[in-house]
Each structure stands twice: as C-alpha cells, then as structure tokens.
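Peer 1: Below are the structure tokens for one structure; questions will follow.
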Amino acid sequence: MRMTQTSDLWWKNAVIYCLDIETFFDADGDGVGDIAGLTERIDYLAQLGVTCLWLMPFYPTPDRDDGYDVTDYYGVDPRLGTHGDVVELIRTAKDRGMRVIADLLINHTSSEHPWFQASRASTDNPYRDYYVWRAEPPPDTSDQVIFPDEEDSIWELDERTGEWYLHHFYAHQPDLNITKAKVRDEIWKTIGFWLQLGLDGFRVDAVPYFLSDVGLSPQDKEVDDPHTYLRQMRAFLGRRHGDAILLGEVNLPHEEQRKYFGDNGGDQLHMMFDFIAMQKTYLSLAREDAGPLAEALTQRPAIPHDCQWATFLRNHDELTLDKLTEDERAEVFAAFGPEERMQVYGRGLKRRVPTMLDGDPRRIRMAYSLLFSLPGTPTLYYGEELGMGEDLGADGRMAVRTPMQWSDGENGGFSTAPPDRLVGQVVDGGYGPKHVNAAAQMRDADSLWNFVRTLVLTYRACPELGWGRLTVLDQPHTHVLAHQLSWEGSSVVALHNLSAEPVTVPLRLDVPPDSALVDLLRDGTTDLGADGAADLPLEGYGYRWLRVRRDGERQLV
Ligand code: GLC
C-alpha cells in the first residue's frame, strides 16, 4: 500500500462527524450550545478518532428551518458566538488533527435575507434577478414539494409585485438564481471567505435543486449547462485551497449521481452521500437479507479516482426511504417505525438506529460495524456513538436534533440553564442521559462508545476500506454479507450476519498459498487452505473484519 496517497486525498478514508453547534455543548449557560462549548469538547471528538467535523449551519438566521435559512452568508449566529470563536475552534480542531467543513447553503436564502427583501421590493430592483420570478400563474406543482405537510406548491405569490417566486423547500426559503454571474460572484466570495478563515471545505446543500433550471427562461440563464457551474465552483475552491472538499447532498439514483462527480479525474463534487446504499441497508436489515445492500454496492457506477462516496446510517433529516419502492418502504416502516408518529412526510422515519433495532446491542453493533466496513468514507451524526434515542414528541425532523447527552446530570450535562430555556428538550426515558451518556461510556471498556471508537480507529488503519476495489464474495447464506476490499496488493474481508441465527460461512479466496486471515476486531488468525478456503463461524448478528496476510508479509496486523 502507498500510504502517502492517503494524506493527499484525505477525504477518501476520513471519519466525518456531523453536529449542530446549537445542541452540542452550552459553555455560557444560556440554554443554547455555542462555539466555545464545542471547542471545549474537541478532545472528546479527538478521542473518538474523528478526522473531519461537519458543522451544520451556524450563520445568522430567523431559524425557521433550524439554520438552513440564512440571512447573512458571512456572519455567525450571535447566539452561538463570533468569528473569533470560529477561528479558535478551527485552530483547536486542527491542532488535534481534525479538519472542519461546514454547510454551504446556496440553493436558497431566508426570505428575510436583505437580497430577497430588495428583490421583492419592485420588479426592476437590481436584486430582482438574484431570485427566480414568474409573472404567469404557476401550474400545479404539488407533486414537487419537499415538505408536503407545509407546502402545496414550489411557487409563492408575492402580493407586492403580483408575481410568483420559486422555492423548492419552504416558502420562506426563496431559491437563488445561481446562473446569474453576480449571484455566482457572491457565492465565490462566500466560499473564499470561509476558506480564508480556515475551513477545509463544505457540505453542499441540495445540489440538484440549485442546478435545476425550473422557471428560468433562456434570457434568465447566463450559464447553459448547470454542471458548468459546479465545475467552476470546484476550480475556484481548488485555486483557493488545494485540498478542500465539496461533499454534496445529491439524493438521486446512482447513475444520475455519477454526473455530479464530473469527468477528467473528477472535476465537480469530491464526495456525495450514498443515499441509495443507505436506504438499501435498512431494507437488508429489515429483511435480514444482504441482497439489496449487495446489489446497491455492486451497481454503484465507477467514479473518478479522486472522488468518494460518503456512507451513513443516520443524518439530521428524516431517515428518507424515498428511493425504495412503495412495497419496500412499507417493509422498512413495518420493521423499524410501524406507528404513524414514527413516520414523516410519507417517506421517512423520525427514529435513530438503536430504537429502530429495539435496543438490541448485538444488532446495533453489527449495524455500525457494517457501516464502517462499507467501501467509502463513514459519516456519524452526533450521539450515534452513544446510542442516543429520539424525541418522538418533537416536530418532524427535530426528533433527532435533541441536546447531546454528556452526563447523567441536569440537562444531560448539556447546559446549566433551567430546562425550559434549552434550545431543545433532552430525551427522557430509557434512552435519556441517566442511561445513555458520554461520561459513563468513555470509562466503560464494553460500552458502545468504546466499540465505535474501535471501529473508527480500525477503519483508519485499513485504507483498503476507503480506497479498495469491492468484491461481494460468494457464500451460501442470504442473511450474510461477505465482502472484500482490495487495494494495492492488500485486502480486508468483512462478514456481517444480519440474522439472529449463528452460521458458518465457507469462503474461498483467490490468494497465494499459505495466506491467513487475521481478525482485526478481536484476537484470532485463521489459516487459509492451499485453495484459499476457510470456514468462518459467525454468531447471531455477528461481524468480523479480517485482513488477508500473505506468507512472509510484514503488516503489523
Ligand atoms: C437539506 C438539509 C435540510 C434542509 C434543506 C433545506 O435537505 O439537509 O435539513 O431543511 O436542505 O435547506
């Protein structure tokens, strides 16, 4: 293996951790998490082994979409801190070997953004064409809305000028017209500004939406091919900060996603979340059949060398199952969220992993072992390392945005403010901080936290997982996923049993004589026969990671 490559293209085997500053740690006791608080807890993340932080929006906002509605791209939400605090945070994270990326929200602004206030003032305002307007009444677009509980059209009538503006998301989030050179200039400046302050890139929100040309007449468009815009963004980013990344939210079928990586070695997004593999993972877990996941992985299109998939089990939104068929979605709902209060938007679930898996520690560990063993770069959402649960009483996606559970003390150690002043309610009951908290788990060698930490560190020591070529291995058990990732003469085999039935997995690997399989998550070595064959036992919901060791090789493990 050529280790030096892994530092150049660091994102190909990073461990990303997503958090919202507002709910992470409140240093000043006002009930709202803050940047100073996160900085105090940087060592917690370093100890977990995280290599890249993804900060959810921390910009000034009326907070009608949890900060995804921005009023100033260059600002910091005063509840969270100042630019000074941001720089201190980034510097401290870097000192611990962590990179920092943040959400870039350029599909839309808040309707309270000064640009939109100007844009709606009159049809000839210089900011009018920062947004997308139409004079004719819009057709029925109720099938295109993203939040069907609140919106019934992607066009909103603005009384003042009697025209309609485009908003793919909420009506208070008007879409920018990024084909306009002056809007692009604003976005370049925004990107440049945060890179200059030390960010290592961006999680780019809602990419297909800002590239779509809905509502644009030819004279409205200053760029014809929307992907030209992504290429320009990538080139700009590269000029300003050579190893900064763009990690895109592109929830589309794999074939369509491929276009967003670009050509020529990858000249658009560096990374994209693999929403398809995520959704198929849940289908596989629900059916206890590795087939759907194996198929999703093997049908991923080949991607440019410098690009990467980000894998995940949970994020800050609803657990969307929108790319499954109706029947498949019904199966996952039945298995993991049968009650209506657990579901949202008709397509997703409000729950976190441990509650969906009935709190069964074997299944929860197997699910995370599976995540970290998949080809790609794993992304954790805060609290997953502890097995935090959700608050089903909270509205929609807020169910999984509850305060981080640090200790069994007041407010779970998140804040010293009175509970009614907290930014969100702390989860109560069996998944609340009395039973699930960081302080206790860090000191317990058998905790989920320590298990996830082992996965993180082992993943980092196995660049094959981020860089390797995937083979799904033949074996007779449908409830077992056996896969191998090979990179530059080295390879790792992973076995996951999705069912409670113990099994023995017969494998036959194409390896030189006298090779062996070395267990990476526990002690053990299995000699492979002259024909590369071995029978490997797996407990119910068992998992194993094994490195192929060739005779005479000097790998440490
Ligand atoms: C993305 C975000 C989501 C947000 C939406 C609008 O989908 O993940 O949280 O509401 O964009 O910005």
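The values are calculated or read from the model by the stated rules, or taken from the named source; none is laboratory data. All values derive from a computational prediction rather than experimental measurement. No Cβ is skipped: glycine too gets one built from the backbone with ideal geometry, and neighbour counts run over all protein chains shown. Please note that ligands, DNA and RNA were not included when accessible areas were found on the heavy atoms of the full protein model with its side chains. Shrake-Rupley method; radii C 1.70, N 1.55, O 1.52, S 1.80 Å.
Residues checked against (1) closer than 29 Å to R234 by Cβ; (2) of a type in the set (F, W, Y); (3) open to solvent by less than 40 Å² (accessible area, probe 1.4 Å):
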{"position": "D77", "(1), (2), (3)": "yes, no, yes"}
{"position": "H83", "(1), (2), (3)": "yes, no, no"}
{"position": "R91", "(1), (2), (3)": "yes, no, no"}
{"position": "G97", "(1), (2), (3)": "yes, no, no"}
{"position": "I106", "(1), (2), (3)": "yes, no, yes"}
{"position": "E112", "(1), (2), (3)": "no, no, no"}
{"position": "A118", "(1), (2), (3)": "no, no, yes"}
{"position": "N125", "(1), (2), (3)": "no, no, yes"}
{"position": "Q144", "(1), (2), (3)": "yes, no, no"}
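Peer 1: Specify the residue that is nearest to the ligand (Cβ to nearest atom); the eligible residues are those in region 294-314 that are crowded, with 21+ Cβ neighbours inside 10 Å and in a loop (DSSP other than H, G, I, E, B).
Peer 2: Restricting to residues being crowded, with 21+ Cβ neighbours inside 10 Å and in a loop (DSSP other than H, G, I, E, B), the top hit is R314.
Peer 1: Please enumerate the residues belonging to region 153-164 that are more than 16 Å from the ligand (Cβ to nearest atom) and either crowded, with 16+ Cβ neighbours inside 10 Å or of a type outside the set (K, R) (or both). Step through it out loud before you land on a result.
Peer 2: If we filter region 153-164 for residues that are more than 16 Å from the ligand (Cβ to nearest atom), which is where we start, we get 153, 155, 157-164.
Those that are more than 16 Å from the ligand (Cβ to nearest atom) and either crowded, with 16+ Cβ neighbours inside 10 Å or of a type outside the set (K, R) (or both): S153, W155, L157, D158, E159, T161, G162, E163, W164.
Peer 1: Right, another one. Kindly list, by first and then second residue, each pair from a residue in region 91-112 that is modelled with pLDDT of 95 or more and within 15 Å of the ligand (Cβ to nearest atom) to a residue that is assigned to a loop (DSSP other than H, G, I, E, B) and open to solvent by 70 Å² or more (accessible area, probe 1.4 Å), limited to pairs with Cβ atoms under 8 Å and residues at least 6 apart or on different chains.
Peer 2: S110/R64
Peer 1: Moving on to the next point. Since Q475 meets every condition but one in (1) open to solvent by 50 Å² or more (accessible area, probe 1.4 Å); (2) out of contact with any Ser or Thr (no Cβ under 9 Å at 6 or more places or on another chain), which condition does it not meet?
Peer 2: If we test Q475 against (1) open to solvent by 50 Å² or more (accessible area, probe 1.4 Å); (2) out of contact with any Ser or Thr (no Cβ under 9 Å at 6 or more places or on another chain), just (1) comes out false.
Peer 1: So for region 217-230 (the condition being away from the ligand (no atom under 16 Å from the Cβ), without any contact (Cβ under 8 Å) to a residue 40 or more places away in the chain and within 26 Å of the chain's Cα centre (by Cα)), does at least one residue qualify? Give the steps one after another, and end with the answer.
Peer 2: First, pick out the residues of region 217-230 that are away from the ligand (no atom under 16 Å from the Cβ): 217-230.
Then drop every residue that is not without any contact (Cβ under 8 Å) to a residue 40 or more places away in the chain, which leaves 217-219, 224-225, 228, 230.
Next, from what is left, pick out any that are within 26 Å of the chain's Cα centre (by Cα): 228, 230.
Within region 217-230, one or more residues are away from the ligand (no atom under 16 Å from the Cβ), without any contact (Cβ under 8 Å) to a residue 40 or more places away in the chain and within 26 Å of the chain's Cα centre (by Cα).
Peer 1: Search region 537-550 for residues that are of a type in the set (G, A, S) and pair each with any residue that is assigned to a loop (DSSP other than H, G, I, E, B) when their beta-carbon atoms are under 9 Å apart and the residues are at least 6 apart or on different chains.
Peer 2: Matching pairs, first to second residue: G540/S499; G540/A500; G540/E501; G540/P502; G542/P502.
Peer 1: Please verify whether P148 is under 26 Å from the mean Cα position of the chain (by Cα), touching a residue at least 24 places away in the same chain (Cβ under 8 Å) and either assigned to a loop (DSSP other than H, G, I, E, B) or buried (at least 18 other Cβ atoms within 10 Å of the Cβ) (or both), treating the condition exactly as stated.
Peer 2: yes
Peer 1: Which residue, of D523, D519, D510, is in contact (Cβ under 8 Å) with a residue 12 or more places away in the chain and open to solvent by 60 Å² or more (accessible area, probe 1.4 Å)?
Peer 2: Result: D510 is the single residue among D523, D519, D510 that is in contact (Cβ under 8 Å) with a residue 12 or more places away in the chain and open to solvent by 60 Å² or more (accessible area, probe 1.4 Å).
Peer 1: Further question on the same structure: Take region 240-265 and flag every residue that is of a type in the set (D, E, K, R) and part of a loop (DSSP other than H, G, I, E, B).
Peer 2: Residues satisfying the conditions are D243, E249, D263.
Peer 1: Here's another thing I want to ask about it. From G266, G291, which residue is away from the ligand (no atom under 16 Å from the Cβ) and at pLDDT below 95?
Peer 2: G266
Peer 1: Identify, please: which residue in region 27-65 is more than 19 Å from R401 (Cα to Cα) and acidic (D, E) and is, among those, farthest from the chain's Cα centre (by Cα)?
Peer 2: Top of the filtered list is D28.
Peer 1: Look at E150 and say whether it is at pLDDT below 95 and within 16 Å of the ligand (Cβ to nearest atom).
Peer 2: yes
Residue-wise test of (1) aliphatic (A, V, I, L, M); (2) touching a Pro at 6+ places or on another chain (Cβ under 9 Å); (3) free of Cβ contacts under 8 Å to residues at least 24 places away in the same chain.
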| position | (1), (2), (3) |
| --- | --- |
| T416 | no, no, no |
| G424 | no, yes, no |
| K434 | no, no, no |
| M442 | yes, no, no |
| A445 | yes, no, yes |
| V456 | yes, yes, no |
| C462 | no, no, no |
| V472 | yes, no, no |
| Q475 | no, yes, no |
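Peer 1: Of all residues being surrounded by 19 or more Cβ atoms within 10 Å (Cβ to Cβ) and of a type in the set (D, E, K, R) in region 1-26, which is farthest from the chain's Cα centre (by Cα)? Just the residue, please.
Peer 2: For region 1-26, the residue satisfying everything is D26.
Peer 1: From the list F169, F193, F210, which one is in contact with a Phe, Trp or Tyr (Cβ under 9 Å, 6 or more places away or on another chain), open to solvent by 40 Å² or more (accessible area, probe 1.4 Å) and either outside any strand (DSSP E or B) or farther than 24 Å from T71 by Cα (or both)?
Peer 2: Details: F169 fails: open to solvent by 40 Å² or more (accessible area, probe 1.4 Å); F210 fails: open to solvent by 40 Å² or more (accessible area, probe 1.4 Å).
Result: F193 is the single residue among F169, F193, F210 that is in contact with a Phe, Trp or Tyr (Cβ under 9 Å, 6 or more places away or on another chain), open to solvent by 40 Å² or more (accessible area, probe 1.4 Å) and either outside any strand (DSSP E or B) or farther than 24 Å from T71 by Cα (or both).
Peer 1: Still on this structure: Of all residues in region 381-420, count the ones that are away from the ligand (no atom under 16 Å from the Cβ), of a type outside the set (D, E, K, R) and outside any loop (DSSP other than H, G, I, E, B).
Peer 2: Here the count works out to 5.
Peer 1: While we're on this one: G67: within 16 Å of the ligand (Cβ to nearest atom) and open to solvent by less than 20 Å² (accessible area, probe 1.4 Å), yes or no?
Peer 2: Yes.
Peer 1: Now a separate question. Look at region 1-49 and say how many of its residues are in contact (Cβ under 8 Å) with a residue 40 or more places away in the chain and either among the hydrophobic types (A, V, I, L, M, F, W, C) or in a helix (DSSP H, G or I) (or both).
Peer 2: 32
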